[in-house]
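Below is one structure, written out as structure tokens, with a few remarks after it.
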Amino acid sequence: MRNKLIVTYLALAGMNALAWIWAWAAFADRPSLLGIALLAYMFGLRHAFDADHIAAIDNVVRKLMQE
């Protein structure tokens, strides 16, 4: 279980790193777009931790645990 969690976190970190490397390459000549990309990323993170998303994930996990 612990190894699975570590692999998941490493995969998430790696994908985020790849996304930011791509963003840097695509927007290197336009720093304002890089700033907008950062802003969109932060809004996405905030949106991901909204209460309705947490409740939906909790409901799915509870249902799967019961099955």
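Might you report the magnitude of the Cβ-based charge dipole of the chain about its Cα centre, with Lys and Arg at +1 and Asp and Glu at -1, to the nearest 20 debye? Can you show the working numbers first?
Details: 6 positive and 5 negative charges, 41 e Å.
Taking the Cα centre of the chain as origin, the dipole is about 200 debye.
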Gyration tensor (alpha-carbon) shape descriptor, the chain, a/c threshold 1.5: oblate
Sequence ranges 46-53, 15-22, ranked by mean other-Cβ count within 10 angstrom, highest first: 15-22, 46-53
Surface share of carbon and sulfur [accessible, 1.4 angstrom probe, percent] for region 1-66: 73 percent
Separation of the Trp20 and Arg46 label points, Cα + 7 Å toward Cβ, nm: 1.9 nm
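The values are calculated or read from the model by the stated rules, or taken from the named source; none is laboratory data. Fair warning: this is a prediction, and the values are worked out from it, not measured in the lab. So basically every Cβ, Gly included, is an ideal-geometry build from the backbone, and we count neighbours across all protein chains shown. To get the accessible areas, we keep the full protein, side chains included, count just its heavy atoms, and leave off ligands, DNA and RNA. Shrake-Rupley method; radii C 1.70, N 1.55, O 1.52, S 1.80 Å.
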